[in-house]
Every structure is written in structure tokens, then in C-alpha cells.
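Report on the following structure.
The values are calculated or read from the model by the stated rules, or taken from the named source; none is laboratory data. Remember, it's a predicted structure, so these values are computed and weren't measured experimentally. Counting neighbours? That spans all protein chains shown, and the Cβs are built from the backbone with ideal geometry, glycine included.
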Amino acid sequence: MSLKGLLTADTGGLATSIGLFLLRVFAGLSLFLKHGLEKLGGYSTMVQHFPDPIHIGAHASLAFALLSDGICSLLIILGVATRLAALIILINVGTAFLLVHHAAFFSNRNVELVALYVIIFAAIVFTGPGRFSIDHHLKR
């Protein structure tokens, strides 16, 4: 890539699609491995102490988090129903950031990852998956 290529705003090009692919795959993989597997394998023990920030019950809260972290993260990686999956994740991590961690970005070092997930999945909601996705091939 040339210097001129670094300074242009070509949003439909190959470089943008590669960037979206990398963002999707690594953010989705991170969310799945760090949070999704834990919920898939330990649902029955987690439900006993899982936060219920919007007062729908621990089972419903954990089930939504499992949908987000365990299923939607895999959809993001593949690029299937990407914007919807990213929106579900954004709702989940946004709720965690605001209502569980109280947006304590500077006073709680554990909130940094949650804040990054909020930004990354919001970006995916707005940009879509890029051309290296199943969604792109289905659209054709």
C-alpha cells in the first residue's frame, strides 16, 4: 500500500474489507473464547450468581448473555446475520458496561475490555461485515 493509499478514504476497497474481516474474526473469537465458552459449559452454576441488571431474572439475563457471547459471536466470525448479531452483542455488552459496571472506565480496570467490545460491535452494526463474509455472498 502506498502513502497515498494510506491517506485516502476508500471505504469500499479491499483494504477496508480485510480490516472488517480482521475486526470481526478477532473480536468475535475473543468474546466467544473469553465469555461464550464459559456460559455454554457452566450455565447451571453461573445462573446462581449471574447479574440481573434489567430485572428480568437471572435465567433470562444469562440466556441473553449466552445468545450474545456464545452464539452471536460465532455468527460474527462467520459473517452470518452480522448486523443483527452485532446488535444483540452491543445490547448485551452495553447493558453490562452501563448497568453492571456503571461505566466506571477510569476507576475499574476490568471495564476496559467491555468498553472495547461496545465500540467494536457498534462499528460492526454500522459498517456491516465487509466482502469476506457469508452475508456478502448471500447478498449477491
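In the condition set (1) surrounded by 13 or more Cβ atoms within 10 Å (Cβ to Cβ); (2) modelled with pLDDT of 95 or more, Leu33 is compliant with all but (1).
Sub-7 Å Cβ pairs linking a first residue in the stretch 98-120 that is under 28 Å from Leu20 (Cα atoms) and in a helix (DSSP H, G or I) to a second residue that is modelled with pLDDT of 75 or more and aromatic (Phe, Trp, Tyr), at least 6 apart or interchain, are Val111/Phe97; Val114/Phe97; Ala115/Phe97; Val118/Phe97, ordered by first then second residue. Can you confirm whether the stretch 74-86 contains a residue that is of a type in the set (Val, Ile, Thr), surrounded by 17 or more Cβ atoms within 10 Å (Cβ to Cβ), without any contact (Cβ under 8 Å) to a residue 60 or more places away in the chain and over 18 Å from Gly19 (Cα atoms)? Checking the stretch 74-86: not a single residue is of a type in the set (Val, Ile, Thr), surrounded by 17 or more Cβ atoms within 10 Å (Cβ to Cβ), without any contact (Cβ under 8 Å) to a residue 60 or more places away in the chain and over 18 Å from Gly19 (Cα atoms). For the stretch 32-45, the criterion of being of a type outside the set (S, T, N, Q), under 21 Å from Gly130 (Cβ atoms) and touching a helix residue (DSSP H, G or I) at 6+ places or on another chain (Cβ under 8 Å) is satisfied by at least one residue.
Within the stretch 34-52, residues that are over 21 Å from His101 (Cβ atoms) have Cβ atoms under 7 Å from residues that are hydrophobic (A, V, I, L, M, F, W, C) in these pairs: Leu40/Leu66; Tyr43/Leu62; Tyr43/Leu66, counting only partners at least 6 apart in sequence or on another chain. Counting only residues that are buried (at least 16 other Cβ atoms within 10 Å of the Cβ) and not in a helix (DSSP H, G or I), the stretch 48-63 holds 1 of them.
Taking the conditions (1) more than 30 Å from Ile134 (Cβ to Cβ); (2) assigned to a loop (DSSP other than H, G, I, E, B) in turn, Val80 satisfies each one other than (1).
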